[in-house]
1. Taking segment 61-87 as the search range and keeping residues that are among the acidic types (Asp, Glu) and in contact with a helix residue (DSSP H, G or I) (Cβ under 7 Å, 6 or more places away or on another chain), which one is farthest from residue 8 (Cα to Cα)?
2. Looking at residue 90 and the list (1) touching a helix residue (DSSP H, G or I) at 6+ places or on another chain (Cβ under 6 Å); (2) touching a residue at least 40 places away in the same chain (Cβ under 8 Å); (3) surrounded by fewer than 16 Cβ atoms within 10 Å (Cβ to Cβ), which single condition is not satisfied?
3. Within segment 48-55, can one find any residue that is over 23 Å from the mean Cα position of the chain (by Cα) and at pLDDT below 95?
4. When you scan segment 111-124, do you find a residue that is assigned to a helix (DSSP H, G or I), out of contact with any Ser or Thr (no Cβ under 6 Å at 6 or more places or on another chain) and either closer than 30 Å to residue 20 by Cβ or assigned by TED's automatic domain parsing to the domain that holds residue 12 (or both), even just one?
5. Is it the case that segment 27-43 has a residue that's touching a residue at least 60 places away in the same chain (Cβ under 8 Å), in a strand (DSSP E or B) and not small (Gly, Ala, Ser)?
6. Condition check: surrounded by 11 or more Cβ atoms within 10 Å (Cβ to Cβ) and either in a helix (DSSP H, G or I) or not assigned by TED's automatic domain parsing to the domain that holds residue 6 (or both). Does residue 54 satisfy that?
7. Yes or no: residue 69 exposed (fewer than 11 other Cβ atoms within 10 Å of the Cβ), within 18 Å of the chain's Cα centre (by Cα) and either outside any helix (DSSP H, G or I) or free of Cβ contacts under 8 Å to residues at least 60 places away in the same chain (or both)?
Amino acid sequence: MSADRTPVTGPFRIHVDARPAGVGIDVSHYLTAVVLGLAQAADEDGHGLLDDLRYIAELARSAAHQGSDSHAAHERDERVADLLAEVADDGVIPVYGEQVARLRDRLAVLTAPRPVPGQREAGAA
């Protein structure tokens, strides 16, 4: 993998690619760790985890009907935050040292305005 494409190599790899309307930030390495954390939680207490996930799904359905400022939406968000705290370090992807600058530089390169091929100069016929 290109160092340009992968400005962050650890503890979780982050790949950044150009997209037609911006960039794509690939955090699949981090999401793999989240899934592994869920698998570990399921191994330790599968019924409890399944109950928690079902309750979050129920809250999400209620929030969809009641609105984003409903009690269900707030409780759903709290439950999800609790689960993320348990299995995914609160959902935060750490980026350290020089990798911060490489990520910034990669994003700057990919978001810099580029000329459109075949575009004419002003006044050219």
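The values are calculated or read from the model by the stated rules, or taken from the named source; none is laboratory data. Owing to the predicted nature of the structure, the values given are computational and were not obtained by experimental measurement. Cβ coordinates were reconstructed from backbone atoms using ideal geometry, including for glycine residues, and neighbour counts include every protein chain displayed.
1. My answer is 75.
2. Unmet condition: (2).
3. no
4. Initially, segment 111-124 is screened for residues assigned to a helix (DSSP H, G or I), giving 111.
With out of contact with any Ser or Thr (no Cβ under 6 Å at 6 or more places or on another chain) added as a condition, the list becomes 111.
Next, from what is left, pick out any that are either closer than 30 Å to residue 20 by Cβ or assigned by TED's automatic domain parsing to the domain that holds residue 12 (or both): 111.
Looking for residues that are assigned to a helix (DSSP H, G or I), out of contact with any Ser or Thr (no Cβ under 6 Å at 6 or more places or on another chain) and either closer than 30 Å to residue 20 by Cβ or assigned by TED's automatic domain parsing to the domain that holds residue 12 (or both), one finds at least one in segment 111-124, hence yes.
5. Applying the first criterion (touching a residue at least 60 places away in the same chain (Cβ under 8 Å)) to segment 27-43 yields 27, 30.
Now drop any that are not in a strand (DSSP E or B), which leaves none.
The answer is no; no qualifying residue exists.
6. No, not satisfied.
7. On the way: exposed (fewer than 11 other Cβ atoms within 10 Å of the Cβ): yes; within 18 Å of the chain's Cα centre (by Cα): no; either outside any helix (DSSP H, G or I) or free of Cβ contacts under 8 Å to residues at least 60 places away in the same chain (or both): yes.
No; evaluated as a whole, the condition is false for this residue.
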